[in-house]
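See structure below.
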Amino acid sequence: MSSVNRIWAAFALVAVTALSGCGPKSGEVEQAIRDYCAAVQNEDLEQLTCLSTGAAATDPDQFHAWVESQYSEYLAGRDLGNVDVESGGIAMVKTFSIGHGTYYTVEQIRAVGDQSVEAILDLTFGYGSIDLSGLLPGTTFYVAGTPPGRVYGIVVPRYREQVEREVLTSMQLVWTLVRQPGEGGCDPAWTVHSVEAIEGSASTTRLEWLF
């Protein structure tokens, strides 16, 4: 884990221990997950600050630097074909395109003490339905494989060609969210503390694209 990730993990841990109790409401938790995914995809720093555990109570510049490092590390890993998805929710959301092409349902929400919840998300990947007709030669699209974090960049060829890859069809993630009081311009909300893949939950299939 990088030094900036260790710093941010420490901030989040302090925030968890300092929160007041509040029971989970499934609609609020599901909305927080939707909003967090949208904020990651849109690179909305203001929303990410309000939806990341401990962020509103920390130095804004330090949190923003951490967020920027997460995007940079994701892009570097994606281009090399291997993203460190254990680094946090930003890497998970970007790698698996959650809320931006990958479907998900919230399977279960359970309380973890009075201050946090765990939500199980079922992801369904739609790589087999990618519309190739609008992709120009030289365009790259990305698909996720296994183990989690493996990414394939597929370049649309100039001439007729068939490309095959073993890609994810489904998997489960466990999200830990913490209820935070309003602070730093943020309303009271469920915030994202961590996102992890559930070991052994991934299923794959071999897909063929004919260009």
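The values are calculated or read from the model by the stated rules, or taken from the named source; none is laboratory data. Just so we're clear, the structure is a prediction, and the values are computed from it rather than from any experiment. Reconstructed Cβ throughout: ideal geometry from the backbone, glycine too, with neighbour counts over all protein chains shown.
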Note to self: For E208, only one of the following conditions fails: (1) modelled with pLDDT under 95; (2) farther than 26 Å from L75 by Cβ; (3) under 17 Å from the mean Cα position of the chain (by Cα). What is its number?
What the structure shows: (3)
Notebook entry, point to check: Can you name the condition, by its number, that G113 falls short on among (1) touching a strand residue (DSSP E or B) at 6+ places or on another chain (Cβ under 7 Å); (2) surrounded by fewer than 12 Cβ atoms within 10 Å (Cβ to Cβ); (3) on the phi > 0 side of the Ramachandran plot; (4) not hydrophobic (A, V, I, L, M, F, W, C)?
Noted result: (1)
Checklist line | Candidate set from the stretch 81-107 (those that are surrounded by fewer than 16 Cβ atoms within 10 Å (Cβ to Cβ) and over 14 Å from M171 (Cα atoms)); member that is farthest from the chain's Cα centre (by Cα) | finding: G81
Notebook entry, point to check: Is it the case that I98 is touching a helix residue (DSSP H, G or I) at 6+ places or on another chain (Cβ under 6 Å) and either closer than 30 Å to S129 by Cβ or at pLDDT 95 or above (or both)?
Noted result: yes
Item checked: Tally of residues being free of Cβ contacts under 8 Å to residues at least 12 places away in the same chain and over 17 Å from V106 (Cβ atoms) across the stretch 21-59 -> 4
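Going by the structure shown, is T191 in contact with a Lys or Arg (Cβ under 8 Å, 6 or more places away or on another chain) and surrounded by 13 or more Cβ atoms within 10 Å (Cβ to Cβ)? If you could, list the steps in order and put the result at the bottom.
Working: in contact with a Lys or Arg (Cβ under 8 Å, 6 or more places away or on another chain): yes; surrounded by 13 or more Cβ atoms within 10 Å (Cβ to Cβ): yes.
So T191 fits the description; yes.
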Check: Is one or more of the residues making up the stretch 134-148 in contact with a strand residue (DSSP E or B) (Cβ under 6 Å, 6 or more places away or on another chain), modelled with pLDDT under 95 and surrounded by 18 or more Cβ atoms within 10 Å (Cβ to Cβ)?
Finding: yes
